[in-house]
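One structure below.
The values are calculated or read from the model by the stated rules, or taken from the named source; none is laboratory data. Here the structure is a predicted model, which is why all the values come from computation and not from measurement. With ideal geometry, Cβ positions are generated from the backbone for all residues, glycine too; neighbour counts draw on all protein chains shown. Calculation scope for accessible area: heavy atoms of the full protein, side chains included, ligands and nucleic acids excluded. Shrake-Rupley method; radii C 1.70, N 1.55, O 1.52, S 1.80 Å.
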Amino acid sequence: MRYVKLKYNSKYIILLGHSWGSILGIEFIKKFPNLVSAYIGMGQVVSFQKGEKTSFDYCYNIVKNSNNKKYIEKMNKLKNYPYMINKDNVFNIFKNFRDIQIKYKLAGYYDGNDKLNKIIKQSPIYSIKDYLNFQPLNLNKNIIYYLINYDTSKFTNFNTPIFFVCGANDWQVPTVIVKEYYKTIKAPDKDLFIVENAGHLLNIENTKDYNIIVEGICSRISGE
């Protein structure tokens, strides 16, 4: 952050973290509250187990009401989720649940992957080979091991302005958990924004509203 301030001669630095990056972001401002002007948590992870249990219960009701026997059976096999997770089984169990969520549009992209695929194809550095070989769970196993025990819900006093931006339909990192956490925190300035018609990847799913919110936060911090 010191380098960024020097490099760009910027008075205001706002840190934004999304999903796993929101863990990095919130842990950063705990340790270095004065190095950034504000923090924006997008799809903020609060507690892995509490979030995944909330996601599972919501998903279970959706699947049950769909009367899809195949997926009801899959959910029944995961009935103790996420408490059944450990380092030996996390990759299989985590993937199995996410696959069910994706089937019912409760994880990944709320409106499907078409928009994401178009963005990837336009990238000058991300090749088709990278796309085909991408296995996020295996590539990030140490991150996953850390994630399954992560919980920041007891940390509520911040010295940095903090803003949460969440998708109204985010059940991958449930917005309802972020809402509960937001009520408990104290900070020099704070706010919670809900983006309609969007899930976990709200910046892609509802870019217009997302940009308006982020630009508003920037103006609020800079006073411009």
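Restricting the search to the range 169-199, which residues are modelled with pLDDT under 95 and either touching a strand residue (DSSP E or B) at 6+ places or on another chain (Cβ under 6 Å) or not in a loop (DSSP other than H, G, I, E, B) (or both)? ALA198, GLY199 - these are the residues of the range 169-199 that are modelled with pLDDT under 95 and either touching a strand residue (DSSP E or B) at 6+ places or on another chain (Cβ under 6 Å) or not in a loop (DSSP other than H, G, I, E, B) (or both).
Can you find a residue that is crowded, with 19+ Cβ neighbours inside 10 Å and more than 27 Å from ASN206 (Cβ to Cβ) anywhere in the range 82-89? Yes, the conditions are met somewhere in the range 82-89.
Filtering the range 167-218 to residues that are open to solvent by 50 Å² or more (accessible area, probe 1.4 Å) and touching a Pro at 6+ places or on another chain (Cβ under 6 Å) leaves only PRO188. I'd like to check something: does the range 48-55 contain any residue that is open to solvent by less than 40 Å² (accessible area, probe 1.4 Å) and in contact with a strand residue (DSSP E or B) (Cβ under 8 Å, 6 or more places away or on another chain)? Yes; the residues of the range 48-55 include at least one that is open to solvent by less than 40 Å² (accessible area, probe 1.4 Å) and in contact with a strand residue (DSSP E or B) (Cβ under 8 Å, 6 or more places away or on another chain).
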